[in-house]
1. Quick check: is even one residue across the stretch 162-177 of a type in the set (Gly, Ala, Ser) and either buried (at least 20 other Cβ atoms within 10 Å of the Cβ) or at pLDDT below 95 (or both)?
2. Across the stretch 295-320, which residue is surrounded by the fewest Cβ atoms within 10 Å (Cβ to Cβ) among those that are polar (S, T, N, Q) and closer than 26 Å to GLU216 by Cβ?
3. Tell me yes or no: at least one residue of the stretch 193-212 is surrounded by 13 or more Cβ atoms within 10 Å (Cβ to Cβ), under 21 Å from ALA257 (Cβ atoms), without any contact (Cβ under 8 Å) to a residue 24 or more places away in the chain and in contact with a strand residue (DSSP E or B) (Cβ under 6 Å, 6 or more places away or on another chain).
4. How do the pairs read when you match residues in the stretch 106-135 that are at positive phi with residues anywhere that are part of a loop (DSSP other than H, G, I, E, B), using Cβ under 7 Å and keeping only pairs 6 or more apart or on different chains?
5. Please go through the stretch 169-180 and give me each residue that is more than 13 Å from SER230 (Cβ to Cβ) and in a strand (DSSP E or B), ordered by number.
6. Would a scan of the stretch 297-306 turn up a residue that is in contact (Cβ under 8 Å) with a residue 40 or more places away in the chain and among the acidic types (Asp, Glu)?
7. From the list ASP100, ASP166, ASP116, pick out the single residue that is acidic (Asp, Glu), assigned to a helix (DSSP H, G or I) and within 20 Å of ALA257 (Cα to Cα).
8. Looking at the stretch 293-349, which of its residues are hydroxyl-bearing (Ser, Thr, Tyr) and touching a strand residue (DSSP E or B) at 6+ places or on another chain (Cβ under 9 Å)?
Amino acid sequence: MSNPQAIVDLTHEVKRLATNKISDINDINRETTFLALNALIEAARAGNAGKGFAVVANQVKHVSRRIGEITADLNKDLAGSLTTLTQLGDSMIERLHSHDGQRCADLALNMIDVIDRNLYERSCDVRWWATDSAVVACLANRDAAAAEHACERLSVILDSYTVYRDLWVVDEHGVVVANGRPALYPVQGKNVAEAEWFKAAMKTRSGADYVARDVEQLALLRDAQVATYSTAIREAGLAHGRVLGALVIFFDWAPQASAVVKGVRLSDEEWARTRCMILDASFRVIASSDDKGILNDRFVLQTEGKKAGFYRAANGSTVSFAATPGYETYRGLGWYGVICQQPAPAAAR
């Protein structure tokens, strides 16, 4: 089926041609009328000899008047109808754009909702594993055997939960004392006391609290892109026990986020002109279906204070967006799902 935009563009072209041709006819008709008047003047000057020519000039004048009436009617009927048709066409295209914009806004919401549900699980994991007996004993006993047992326990967890890069047990001084993948990430003995996720974890009020941080590229994890979750490890694993240190878990962001932004339900034709993204609260690109600008670029999003919606950008693309709704106890970090879609080519079928 023809692209609606192509039909509307053709209607505009027909209107332009009709208007121009009617204008041309009017110009020629004015010249004809002028010539007929000149002929009548010359016939009058010629007296009896010009009477026959005057008859012809009058007939030309009459024909010219009829042509004028016809072109006036044509301009009124045809040009007027074409104006109405183009206005209807433009309105139809605008409604289609609105429909597509709203559909993409719904897809953007679905993207960020999938992310939120996934990260909600991470917030549950960190609080649960902080009460694991091996994790608690690692900081309570402070001996090599306890640290080794904690490493083994974290390794077992990582084998079952493949969405993580690593899990760290950190003492109250900020020193990493155990991790799940020591061979891959030799971080034991490293001090992370200045990391915001550590300092915030040490200030949590109870075992029900946790810390979620924006995506970052972490040098100690070989520059992997991670979303970090942390909470305090407390004495005896009690919700209000004395703080012994922190458990820090690193969600393997890049492959998980890529699967979400590249898994949006669009046709092949739509994908050719669409970019799907996740932005953080500062509009930094933290995931993109074209793999461009991740953690480096910012996308200027015009939300006008709305949680979701769409708008036409200066370059003609439609930008649809939805803010994080959160999920259960995970309130989200102010992130956005965004879909930026170029208009379909006029010749598309």
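The values are calculated or read from the model by the stated rules, or taken from the named source; none is laboratory data. As the structure is a prediction and not an experimental result, all values here were calculated from the model. We place every Cβ from the backbone using ideal geometry, glycine too, and count neighbours over all the protein chains shown.
1. no
2. ASN296
3. Within the stretch 193-212 (the criterion being surrounded by 13 or more Cβ atoms within 10 Å (Cβ to Cβ), under 21 Å from ALA257 (Cβ atoms), without any contact (Cβ under 8 Å) to a residue 24 or more places away in the chain and in contact with a strand residue (DSSP E or B) (Cβ under 6 Å, 6 or more places away or on another chain)), the answer is yes, since at least one residue qualifies.
4. From residues that are at positive phi, there are no pairs.
5. Selection gives ASP171, VAL175, VAL177, ALA178, ASN179.
6. No; the residues of the stretch 297-306 include none that is in contact (Cβ under 8 Å) with a residue 40 or more places away in the chain and among the acidic types (Asp, Glu).
7. ASP116
8. Of everything in the stretch 293-349, those that are hydroxyl-bearing (Ser, Thr, Tyr) and touching a strand residue (DSSP E or B) at 6+ places or on another chain (Cβ under 9 Å) turn out to be THR303, TYR311, SER317, THR318, SER320, THR324, TYR330, TYR336.
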